[in-house]
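The values are calculated or read from the model by the stated rules, or taken from the named source; none is laboratory data. Since we're looking at a predicted model, the values are computed, not measured. Note: ideal-geometry Cβ built from the backbone for every residue, glycine included; neighbour counts use all protein chains shown. All accessible areas refer to the heavy atoms of the entire protein, side chains included, with ligands and DNA or RNA removed. Shrake-Rupley method; radii C 1.70, N 1.55, O 1.52, S 1.80 Å.
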Amino acid sequence: MCATLPRTQLFLRAGLIAAAFLGLGAAEARPRHVRTAPAGVTVDYGVNLAGLPIGTAQLSGAFEGARYRMDVSAQLTGLVGAITGGMGSARSTGTIAAGPQPSAFSIATRTASSGIAVRMALSRGNVVQSEVTPPLIDMGDRVPVTAANKRGVMDPASALLMPAHARGDLIDPENCNRTLPVFDGATRFNVVLSYGETRTVEKPGYSGPVLVCNARYQAVAGHRPDRPGVRFMEENRDMSVWLAPVDGTRVLLPFRIAVRTTLGTNIIEATRWTRSGATATAAAPAGAVASLDQR
């Protein structure tokens, strides 16, 4: 898939891959008389390649009880954007249980000359339906994606949501240590995360500690194993993600993603962090809290 997709999706996916480190902790029990109001956060990012600004991206997360919605968009700007016209967007919805359980995922990318769209329906982490438009060309050398490869997975957009392992500190180093099984509609891969260090950062809307997690990519199925790009990613030791907590929730989101590519290091870093929504409302009447599905 890496060799056939438009470069716009590769930039977006580079961030998704490096950030697809999320194991969702069990939802924290609350007293019955407390209703959790919808909480949200929007993170604006700058995208740089080899030190040059090439685009922008935005992540919007909405959380209501155990439900979540993740919207991700990216657009190439400047000379690169003028030449390619590249842009992409993705959305995922689902629930947080012992792990991420997306119910629907879609992604679409477009350049001046081509475009691709993926739609998936999932149940309890298992893919029940998926469609790629236009269909990928069968090159004869792809590792087949089996039914087993589509069970117990998460989509790339859900993978940007990072709930804590348990009820401990959100900046506990253990929140880095996990292996994430990701399926993007065509390829199945793992992202292996491990703790690197804890840093303090400051940007508009967020000032405080972040977890720095090292990332490794493991191709599983749907890829072309002899392609140089696949081998490069599997041997890549220069990938990391910085995770920042979202106030009033048990989740962390990417603050910075760095992925070394054959063209230089691709860095997606927050430029603004905007929190929205209340944390909780006591004895809220039925229907007083807006549903994620209604917004």
Response to the item:
Under a 1.4 Å probe, counting only protein heavy atoms, D184 has an accessible area in Å², nearest 10, of 10 Å²
Worksheet item: Of the trypsin sites (Lys or Arg not before Pro) in the stretch 221-250, which ones lie in a loop per DSSP and count no more than 13 other C-beta atoms within 10 Å?
Response: R237
Item to complete: Please work out the C-alpha center-to-center distance from the stretch 250-266 to the stretch 138-162 and express it in whole Å.
Response: 20 Å
Item to complete: Please state, as a whole number in µm²/s, the translational diffusion coefficient that the Stokes-Einstein equation yields for the stretch 192-262 at 10 °C and 1.306 mPa s, with Rh defined as the Kirkwood radius across alpha carbon pairs.
Response: 115 µm²/s
Worksheet, complete the sentence: With the charge dipole of the stretch 53-175 built from beta-carbon charges (+1 for Lys and Arg, -1 for Asp and Glu) about the Cα centre, the Cα from P173, V145, Q58 projecting farthest to the positive end belongs to V145
Discussion item. Can you give me the % of accessible surface on the stretch 66-201 that is carbon or sulfur? Probe 1.4 Å, all protein chains present, nothing else counted.
Written reply: 54 percent
Worksheet entry | Solvent-free Debye scattering, log10 I(q)/I(0), computed from the Cα coordinates of the stretch 162-287 at q = 0.12, 0.18, 0.19, 0.23 Å⁻¹ | -0.56, -1.04, -1.11, -1.36
Worksheet item: With every protein chain left in place, what is the accessible area per residue of the stretch 94-252 in square angstrom, probe 1.4 Å?
Response: 46 Å²
